[in-house]
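> I have a structure here, written as structure tokens, and I will follow up with some questions on it.
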Amino acid sequence: MTVRVRIAPSPTGNLHIGTARTAVFNYLFARHHDGNFILRIEDTDLERSRPEYTDNILAGLRWLGLNWDEGPFFQSQRLHLYKEAVQKLLDQGLAYRCYTTSEELDALREGQKARGEAPRYDNRHRHLTPEQRAEFEAQGRSSVIRFQIADSREIVWNDLVRGKMSWRGSDLGGDMVIARAASDGTGQPLYNFVVVVDDIDMQITHVIRGEDHIANTAKQILLYEALGAKIPEFAHTPLILNQEGRKLSKRDGVTSICDFEEMGFTAEGLVNYMTLLGWSPADSTQEIFDLESAAKDFGFERVNKAGAKFDWDKLDWLNSQYLHNMPIDKLTDLVIPYWEKAGCQFTGGRERTWLEQLVGLIAASLTRLVDAVEMTKVFFTDGVELTEEGSQQLQQEGVKTVLQAIITALESQPELSADIAQSIIKQVVKSENVKKGLVMRSLRAGLTGDVHGPDLIQSWLLLNQIGLDKARLNQAISSKP
């Protein structure tokens, strides 16, 4: 048997972290078994589906490296299959037309609520005679299509994550609507029905999805049986929770994959983190791995039943590990869009080689890609803004004399190197009879406006390459307290 799994997002919103984590688990399971990973777009909700959301979903999966083997297939282009399957159930007497009005359904629910009963349809139109159907149609009533669910039926399956699962038909809310109302023919088929038709047609062997679909699974197993199809295996993965133990939502700051990218996370770091949201590798000490290495080890025996709490600190740490170990040329490619978005101008000598040197200067301090903007903003402006500590440093006695001595020494050098920069500092320490710390702090404050920052010598060299070091030191000398 060839393993065939699918990810089936709905284009009614951007690619969500929960859907993306489900996609990761499907992808890893398929790759582990040399199977097929299929992408299906569930766009039957015509009112809420948007092409821009479809584009976002496709782009997000590609960015994460979750490349599908088949698809994308669009449910909106497969309506003929669903309607044929609905008619098959009608012909077999397993489904029927229900003419109950919305007002009658409301009255039914209100009565059940008043009696303290769980809401459920009472199957009142399950056995209508042809004359009764004709009478309802003469009244102008439209009909939904309902699938018969026997209250006495017990639905059992062995879940790959949760073990034996059992539901009674009486707990499923009565006969299930599988197609919307229509004045004639068959209306729009609904989710629980069309996913079964699709999974049968696409020969899906394993349905891997969130635990919030467990109740749907019981209904869908009945539909597989009614349509004469082999029932796939099911794996219901834990939900992603916030720190309070509730399902992660927009209130928790970010849920869409495009938001994570905008915040400066790498695709590799985010995928690595999502893999650990509910699954643990055989080697519990291993925390960093790519999709290929994770796929070799992936299995549902180590997927947790309990919800996985989202930990921003852990995600930040994982992301930083990828940034710290990334080749500088690749890291530069990733940082440039964040600089561009912040309005940084790549002129005045700020060419590719210079940009790579700048990235190399800050790489070890990055947690997220967006951090590079704040860390390097002083390299993209002609002047500097003094921090309080930087201002205090430049106001100390003898500092302006020290800075002037550095400028004088610079003018005697045809170019600046790390060795020459160190030599100038030693020379000024000796000629001005001051401590090295005073020279270093004053130089940094003059060049960057602060007494803290990345390596001073490398920062000086970068500013020298674009002709800003002497200008800034002169500005610091001429500034008034």
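> Quick test for you: out of E104, E110, pick the one residue that is charged (D, E, K, R) and in contact with a Lys or Arg (Cβ under 9 Å, 6 or more places away or on another chain).
Working: E110 fails: in contact with a Lys or Arg (Cβ under 9 Å, 6 or more places away or on another chain).
Unique residue meeting the criteria: E104.
> Could you name every one of the helices (runs of 4 or more DSSP H) located completely within the stretch 370-481 that has at least 3 residues being over 22 Å from V335 (Cα atoms)?
388-394, 399-411, 418-432, 436-448, 469-478
> Ok, one more. Among the numbered conditions (1) in contact (Cβ under 8 Å) with a residue 60 or more places away in the chain; (2) touching a strand residue (DSSP E or B) at 6+ places or on another chain (Cβ under 7 Å), tell me where E154 comes up short.
(1)
> Just checking: which of the helices (runs of 4 or more DSSP H) contained wholly in the stretch 249-298 hold 1 or more residues that are closer than 19 Å to D313 by Cβ and either free of Cβ contacts under 8 Å to residues at least 60 places away in the same chain or of a type outside the set (D, E, K, R) (or both)?
Fully inside the stretch 249-298 and qualifying: 257-262, 267-275.
> If you don't mind, there's one more thing I want to ask. Given the options L223, L227, L241, L190, name the one that is open to solvent by less than 20 Å² (accessible area, probe 1.4 Å), of a type outside the set (K, R) and either touching a residue at least 60 places away in the same chain (Cβ under 8 Å) or out of contact with any Gly (no Cβ under 6 Å at 6 or more places or on another chain) (or both).
The unique qualifying residue is L223.
> Test A118 against the stated conditions and say whether it is open to solvent by 50 Å² or more (accessible area, probe 1.4 Å) and either in a helix (DSSP H, G or I) or more than 21 Å from A150 (Cβ to Cβ) (or both).
no
> Suppose we keep only residues that are part of a helix (DSSP H, G or I) and open to solvent by 10 Å² or more (accessible area, probe 1.4 Å) within the stretch 1-46. Which one would you say is nearest to T255 (Cα to Cα)? Walk me through how you get there before you give the answer.
Pass one, the stretch 1-46, residues part of a helix (DSSP H, G or I): 17-32.
Adding the requirement that they be open to solvent by 10 Å² or more (accessible area, probe 1.4 Å) leaves 18-19, 22, 27, 29, 31-32.
On the way: G18: 8, T19: 10, T22: 14, Y27: 20, F29: 24, R31: 26, H32: 28 Å.
For the stretch 1-46, the residue satisfying everything is G18.
> Right, here's the next one. When the stretch 415-447 is examined, which residues are found to be under 18 Å from L468 (Cβ atoms) and open to solvent by 30 Å² or more (accessible area, probe 1.4 Å)? Lay out the reasoning, then the answer.
Residues of the stretch 415-447 that are under 18 Å from L468 (Cβ atoms), as a first pass: 415-418, 420-421, 424, 442-447.
Hits for the stretch 415-447 are E415, S417, A418, I420, R444.
> Does V373 meet the test of being under 31 Å from the mean Cα position of the chain (by Cα) and at negative phi?
So V373 passes the test.
The values are calculated or read from the model by the stated rules, or taken from the named source; none is laboratory data. None of the values given here were measured: they were computed from a predicted structure. Cβ: placed from backbone, ideal geometry, glycine included. Neighbour counts: every protein chain shown. To get the accessible areas, we keep the full protein, side chains included, count just its heavy atoms, and leave off ligands, DNA and RNA. Shrake-Rupley method; radii C 1.70, N 1.55, O 1.52, S 1.80 Å.
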